[in-house]
Amino acid sequence: MSVPVALDDVSVQLGGTTILDHLSLEIAAGTWVSMIGPNGAGKTTVLRCITGAVPYQGTVQIGSSVVAEMQVREVARTVAIVPQHPTLPEGMRVVDYVLLGRTPHRGAMTSESEHDLLLVGQVLDALDLERFADRDVATLSGGELQRVVIARALAQDTPILLLDEPTTGLDIGAQQEVMELIDRLRSQRELTVLSAMHDLNIAGQFTERIVLVSGGRVVADGAPGDVLTPELIDRHYGARVRVEQDAGRVVVVPIRARLEVDESLNDSADGEADDPADKPDEEILDA
Amino acid sequence: MITVRPTRMEVWWVVGAGAVLSITAIVAVSFGAVDLDIGSVVVSIMDRFSFVEIDSGFTAQQEAILWEIRIPRVVLAGLVGATLALAGGAYQGSFRNPLADPYLLGVAAGAGLGATLAIAYAPGTTMWPVDPLPLFAFSGGLMGVALTYVVGYSVRAGRTSVTLILGGVAVAAFLTAAQTYLLQREAETLRQVYAWILGRLSTVGWSEVLLILPYVVVTGIVVIAGRRRLDVLSVGDEEAHALGVDAPRVRLVMVLAATLGTAAAVSVAGLIGFVGIIVPHAVRIVFGTSYRVLLPLSIFYGAAFLIIADLIARTIVAPAELPIGVVTAFLGAPFFAFVLRSSRGAGV
Ligand SMILES: Nc1ncnc2c1ncn2[C@@H]1O[C@H](COP(=O)(O)OP(=O)(O)O)[C@@H](O)[C@H]1O
Ligand SMILES: [Mg+2]
């Protein structure tokens, strides 16, 4: 049962400044959309609007329901979020943490059911987390923790999954692992996924559609090849990049302004990179 | 697939806590100005609570000491200790702050001020349909915690658990100063109220027990019913919201309930510090941090702790009596320092 998400003309003001500016965005049921944009663009705020954690003007709909008219608990049964910086309760075991995901499915005063325990067991199994079940969440590594937080969101058993920069701070292997995991879960469970992404390449490799948010607006929306262009990235990130194609996927390569000039002076760039005369300069600049 | 074993209350943890409390209580009723034989005490209690007539061998006077002085006092100490420990645990979970405690949050000082006002200015208690003391104490306690919250969380940058406690210290000092001013103005009530400042459990008969019992029961039911919600609050308000829990509402209900119990305790026992911090933390160290385990066990161990503290208070300098607040502070301050030292995370 896939459920679509739609933000229609959503604006958010916080502390006197406009954070989202008449933003509209629709995500078709069962699709995975990446949201990119520079720091402070409003990506996290978009996700917070969908869970109803921040006051906004405009409408947010999940399926045919308007979020503002739903009970907190009802929303939590439809949308799960993996926050960028989850709060880790001191001394809580991984199983208890993942079981928190079952909260919206039971009454305030009832214990977890056999079904809850079974489902959490399946989730731990699917995410290869069994051996961490009794560990204190505070002792996990970055990649392990990210999987545990995703496990809690999956235990929520919702048709919509929001992820806030799920790969930030992970090493390159863990990044790919987490993204493959999300992709697998998405197709297995027919989830609708919206992920805020920091890494443009990962966004381009894993999702068919990318939305570029900047200054609280959607400034580009489309296939990776249409959004990840040197012009758009320069304009919104102030970064110089070269965009290449690799097996049908877009690859974004950041380049240093000065090196680019060097390169244009020497057509055969390959040998030049190893020139010892260049190295001291580079190292000084890097330091 | 693995079998998922969540943290749950184990039956034998409750049985053990019940046993500790029972033994503590029986020992405490046996010792005092006149020592009673423990075996006979047990027999006398069984006699009252069963249909079988058993002779404890006590004289009428010994029976009177046991039933009109010792047992009411131990029951009162148990109720007050259980309530303060439970309230401490509830405040810690609500504010996600390991140092929260009725005493440190200004609740006790506010309740003390309210109670002083009631004694100094409320006309004879017979004029009121209910005893105004707990009501005044409750209003004062609520005002205390509300002020602390406002002062502690008005800090914009670097808001941590310490700022809340600093707010509590300031509020408690202010409310205590107001109380002292009142005491000086109303010299007549001075002696009666002075006992509170250090905390004291002196009672003859069951009137105090009956006075606070309804409030304590309400507090117990509400806080225990909400224990699972406090575990959800431990991930912070925003994530709790994403899990379907309205954190501000849970916090409000918990703080109201904890303050009601604290005010009732303060209105009969005065300002007894540190129980709300020592007991939940000791339970946390032994049984883990989950509130579903911590809160019920705090009731038992809080009761046992204050019964022991009261036993020490009334026997160590016999025939004189030490204020019980002195005993809990003497045991509690070093423990508090220990908790402060070992608290990691949670912004401490
Ligand atoms: N409570 C708040 N008060 C004022 N400004 C805020 C608040 N929360 C976020 N902002 C601002 O909103 C902007 C967008 O934030 P965010 O959605 O977190 O961006 P992103 O996730 O794209 O980095 C930032 O400039 C941030 O400083
Ligand atoms: Mg963000």
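The values are calculated or read from the model by the stated rules, or taken from the named source; none is laboratory data. For clarity, every value in this text was computed on a predicted model and none was experimentally measured. Please note: Cβ atoms are built from the backbone with ideal geometry, for glycine as well, and neighbour counts cover all protein chains shown.
Set side by side, the residues B:Val235, B:Val222, B:Val283 differ, and just one is outside any helix (DSSP H, G or I) and within 14 Å of chain A (Cβ to nearest Cβ), which is B:Val235.
Can you go through B:Thr3, B:Thr7, B:Thr59 and tell me which one is within 14 Å of chain A (Cβ to nearest Cβ) and over 26 Å from the mean Cα position of the chain (by Cα)?
Details: B:Thr7 fails: over 26 Å from the mean Cα position of the chain (by Cα); B:Thr59 fails: within 14 Å of chain A (Cβ to nearest Cβ).
Residue meeting the stated conditions: B:Thr3.
For B:Leu210, the conditions (1) surrounded by 17 or more Cβ atoms within 10 Å (Cβ to Cβ); (2) at pLDDT 80 or above; (3) farther than 30 Å from A:Ile150 by Cβ all hold with the exception of (1). Criterion applied to B:Val209, B:Val235, B:Val223 was being within 15 Å of the chain's Cα centre (by Cα), within 18 Å of B:Tyr291 (Cα to Cα) and of a type in the set (A, V, I, L, M), and the one residue passing it is B:Val223.
The condition of being within 14 Å of the chain's Cα centre (by Cα) and assigned to a helix (DSSP H, G or I) holds for only one of B:Ala313, B:Ala337, B:Ala303, B:Ala333, that being B:Ala303.
Please find, within the range A:37-55, the residue that is farthest from the chain's Cα centre (by Cα) out of those that are within 11 Å of ligand 1 (Cβ to nearest atom) and within 14 Å of chain B (Cβ to nearest Cβ). So, considering only residues that are within 11 Å of ligand 1 (Cβ to nearest atom) and within 14 Å of chain B (Cβ to nearest Cβ), the one farthest from the chain's Cα centre (by Cα) is A:Pro55.
With the condition kept exactly as written, say whether any residue in the range B:285-292 is at pLDDT 90 or above, hydrophobic (A, V, I, L, M, F, W, C), out of contact with any Pro (no Cβ under 7 Å at 6 or more places or on another chain) and surrounded by fewer than 20 Cβ atoms within 10 Å (Cβ to Cβ). So that I can check it myself, show each step before the final result.
Within the range B:285-292, the subset at pLDDT 90 or above is B:287-292.
Retained after the next criterion (residues that are hydrophobic (A, V, I, L, M, F, W, C)): B:287.
Okay, now just the ones that are also out of contact with any Pro (no Cβ under 7 Å at 6 or more places or on another chain), so B:287.
Add one more test, that the residue is surrounded by fewer than 20 Cβ atoms within 10 Å (Cβ to Cβ), and what stays is B:287.
Yes, the conditions are met somewhere in the range B:285-292.
I'm trying to understand the selection: among the residues of the range A:56-86, which are within 16 Å of ligand 1 (Cβ to nearest atom) and either within 14 Å of another protein chain (Cβ to nearest Cβ) or crowded, with 17+ Cβ neighbours inside 10 Å (or both)? Correct list: A:Tyr56, A:Val60, A:Ile81, A:Val82, A:Pro83, A:Gln84, A:His85, A:Pro86. Any residue at all in the range A:47-63 that's more than 16 Å from ligand 2 (Cβ to nearest atom) and either touching a residue at least 60 places away in the same chain (Cβ under 8 Å) or closer than 23 Å to A:Leu228 by Cα (or both)? So far as the range A:47-63 goes, yes, one or more of its residues are more than 16 Å from ligand 2 (Cβ to nearest atom) and either touching a residue at least 60 places away in the same chain (Cβ under 8 Å) or closer than 23 Å to A:Leu228 by Cα (or both).
Evaluated against (1) more than 14 Å from B:Phe95 (Cβ to Cβ); (2) touching a residue at least 12 places away in the same chain (Cβ under 8 Å); (3) of a type in the set (A, V, I, L, M); (4) touching a Ser or Thr at 6+ places or on another chain (Cβ under 9 Å), B:Val235 falls short on exactly one condition, (2). Only a single item in (1) exposed (fewer than 15 other Cβ atoms within 10 Å of the Cβ); (2) closer than 27 Å to A:Leu14 by Cα; (3) among the acidic types (Asp, Glu) is not met by A:Asp199, and it is number (1).
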